[in-house]
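The values are calculated or read from the model by the stated rules, or taken from the named source; none is laboratory data. Keep in mind that this is a model prediction, so the values were computed, not measured. Backbone-built Cβ (ideal geometry, glycine too); neighbour counts: all protein chains shown.
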Amino acid sequence: MKTDAINEEYSKLIRENYEENRQGAMQMQAYLDRTPLYYKDHCFSKTLQIPKVYTKEMIADFSRIVSVTYRIFEKIICEYLRSEEYRAFFPFSKELEALIVTPCLYDSVLPIARFDIFYQEDTSNFYFCEINTDGTSAMNEDRILNEALLLNPAHQKMLQKYTMDSFELFDSWVESFLSMYRSYQKAEAGKMPQVAIVDFLENGTIREFEEFARHFQKAGMLCEVCDIQKLVYREGRLYSPSGMRIDAIYRRAVTSDIMKYYDRVQPFIRAVLDQNVFLAGSFTTQIIHNKWLFHVLHLERTKCFLTEEEWEFIQKHIPYTEMLESGKVDLENLFRKKDAFIIKPLDSYASNGVFAGIDYSPEEWKQIVQEHIDTHYICQRYCPQYRTINIDFINGDGKLKEFINMAGLYVYNGTFAGVFSRLSDGGIIASHGNERSVPTLVLTGERNEGRRMNECISCGIKKSSR
């Protein structure tokens with residue numbers, strides 16, 4: 001069965017039972033407001049009424065995409081570490097380069113990532129949007145949105161006909177983390193590491209960190225959530241603010257923030273440079289996280305160490321990327337074909353400062369481009385995006401209409417782990433604007449008989465009292 005048929009079934013149920021589903025949406029929102037997604041006086045997750053459902057064949061395709069992409073990225077990182085000449089293609093400071101080339105002493109150069117792609121569900125073609133390594137997030141959002149599906153009337157009717165599963169994204173990461181730690185050259189044999197989840201906590205998704213900490217603890221490890229600015233380094237050991245010795249770090253602090261506040265995080269930096277703490281991920285991840293990667297991937301210098309299959313993969317799926325600098329881009333072409341381009345900061349996160357020509361008038365687009373020339377921005381080809389019907393009862397107009405889709409493929413130590421699904425009714429999916437997150441499900445089959453309605457098949461739990 002194709003996903004557009006599933007989507008149409010959801011739409012039909014909503015049209016036929018509009019008021020019931022509108023009330024269900026209000027109950028879902030009330031539920032979300034009682035969960036960790038409600039933080040600092042608002043619910044930071046805005047959702048829609050139709051979940052994202054993929055077939056088993058699509059999930060197999062995602063796994064293949066991850067496998068090829070990860071293999072390419074490993075080669076890129078290894079070439080960067082091996083060749084000073086290749087490092088010159090990347091826009092990193094000497095301080096950051098020193099962190100990147102510091103050996104991590106375990107068997108992974110890219111422990112965790114999310115590959116955000118625009119996937120054409122009708123043809124299986126796809127285009128990369130960006131790669132997240134530092135701060136890869138939203139696992140808790142997907143988990144809680146799946147719980148809220150209990151209150152979705154259309155979904156409950158669908159569960160009488162189909163079986164659907166969701167992804168487990170917490171224990172699977174803890175298992176990957178522990179597997180990598182066991183290959184760490186300084187690991188103490190037979191002992192579980194004491195783990196710190198670190199970020200600049202004023203910016204971090206603390207409730208998600210706390211959920212991860214519970215899963216580390218369940219696996220038998222001491223684990224604390226720590227502000228990276230408050231760590232202590234003495235006599236070759238790193239300590240949490242509470243005094244816990246830190247053997248291993250799950251890093252959620254993005255590299256751009258670390259470099260911005262470099263002087264504030266010196267205990268952390270010294271421990272990394274001295275190779276006295278297990279760090280997932282190490283700073284080699286920045287090679288992949290930085291948006292300039294898409295430009296480097298297209299260089300002939302990169303082609304020389306890739307297979308023909310890998311090079312064709314890049315040519316087909318990685319969009320053209322160039323610095324938005326005077327003399328490097330054809331500005332007249334950029335103005336004339338505005339709908340074909342997007343501009344974004346070289347190194348940012350959460351969709352900050354991203355502009356798509358399709359969202360603006362010719363005059364507005366020209367002004368935006370001119371304001372950002374020579375300001376560390378890149379210009380990128382705007383990729384076609386798959387559209388599906390959905391409805392926003394809470395933050396929208398309550399009408400079934402088209403939304404663009406983006407699939408975020410979670411990758412744990414090179415293995416496909418799950419999907420984070422986001423949609424938008426605009427030209428881009430902006431985290432602090434028109435982004436809508438929906439729970440992700442895998443269609444596993446049709447059922448022959450009904451199932452108790454108080455059981456959430458999609459996430460394998462009963463109604464929560466949280």
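Observations on the structure shown:
- The set of residues in the stretch 273-287 being touching a Cys at 6+ places or on another chain (Cβ under 9 Å) and either assigned to a helix (DSSP H, G or I) or at pLDDT 95 or above (or both) consists of Gln275, Phe278, Leu279, Ala280, Ser282, Phe283, Thr284.
- A Cβ distance below 7 Å, combined with a sequence gap of six or more or placement on separate chains, defines the contacts here; from the stretch 262-273, residues that are closer than 16 Å to Ile100 by Cα reach residues that are at pLDDT 95 or above and among the acidic types (Asp, Glu) in the pairs Tyr262/Glu95.
- Cβ separations smaller than 7 Å between residues 6+ apart or across chains give the following pairs from the stretch 27-45 residues that are over 18 Å from Asn203 (Cβ atoms) to residues that are among the hydroxyl-bearing types (Ser, Thr, Tyr): Leu32/Tyr38; Leu32/Ser45.
- Verdict on Leu231 being in contact (Cβ under 8 Å) with a residue 24 or more places away in the chain and buried (at least 21 other Cβ atoms within 10 Å of the Cβ): yes
- Test: residue in the stretch 357-364 that is in contact with a strand residue (DSSP E or B) (Cβ under 6 Å, 6 or more places away or on another chain) and either surrounded by fewer than 21 Cβ atoms within 10 Å (Cβ to Cβ) or assigned to a strand (DSSP E or B) (or both): no
- Positions within the stretch 365-379 being at negative phi and part of a loop (DSSP other than H, G, I, E, B), in sequence order: Ile373, Thr375
- Filter pass, Gly408 being outside any loop (DSSP other than H, G, I, E, B) and on the phi > 0 side of the Ramachandran plot: no
- Flag for Tyr31 being in a helix (DSSP H, G or I) and closer than 24 Å to Ala407 by Cβ: no
- The stretch 316-330 residues that are among the charged types (D, E, K, R), paired with ones that are not in a loop (DSSP other than H, G, I, E, B) (beta carbon under 6 Å, 6 or more apart): Glu322/Cys379; Lys328/Glu322
- Count of the stretch 139-176 residues which are closer than 13 Å to Glu211 by Cα and among the charged types (D, E, K, R): 5
- From the list Thr69, Thr47, the one residue that fits, being within 30 Å of Thr307 (Cα to Cα), crowded, with 21+ Cβ neighbours inside 10 Å and either modelled with pLDDT of 95 or more or of a type in the set (Val, Ile, Thr) (or both), is Thr69.
- Qualifying residues in the stretch 247-261 (those that are of a type in the set (Ser, Thr, Tyr) and part of a helix (DSSP H, G or I)) - the one surrounded by the fewest Cβ atoms within 10 Å (Cβ to Cβ): Ser256
- Test: residue in the stretch 194-213 that is in contact (Cβ under 8 Å) with a residue 24 or more places away in the chain, surrounded by fewer than 17 Cβ atoms within 10 Å (Cβ to Cβ) and among the small types (Gly, Ala, Ser): no
- Single residue of the stretch 423-454 satisfying the filter (of a type in the set (D, E, K, R) and within 18 Å of Lys56 (Cα to Cα)) that is modelled with the lowest pLDDT: Arg447
- Filter result for Ile343 (of a type in the set (A, V, I, L, M, F, W, C), surrounded by fewer than 18 Cβ atoms within 10 Å (Cβ to Cβ), not in a loop (DSSP other than H, G, I, E, B) and not assigned by TED's automatic domain parsing to the domain that holds Ser11): no
- Tally of residues being of a type in the set (Gly, Ala, Ser) and under 28 Å from the mean Cα position of the chain (by Cα) across the stretch 225-277: 5
- Failed item in (1) assigned to a helix (DSSP H, G or I); (2) on the phi > 0 side of the Ramachandran plot, with Arg264 passing the rest: (2)
- Selection count, the stretch 11-59, where residues are within 20 Å of Leu159 (Cβ to Cβ), within 26 Å of the chain's Cα centre (by Cα) and among the hydroxyl-bearing types (Ser, Thr, Tyr): 4
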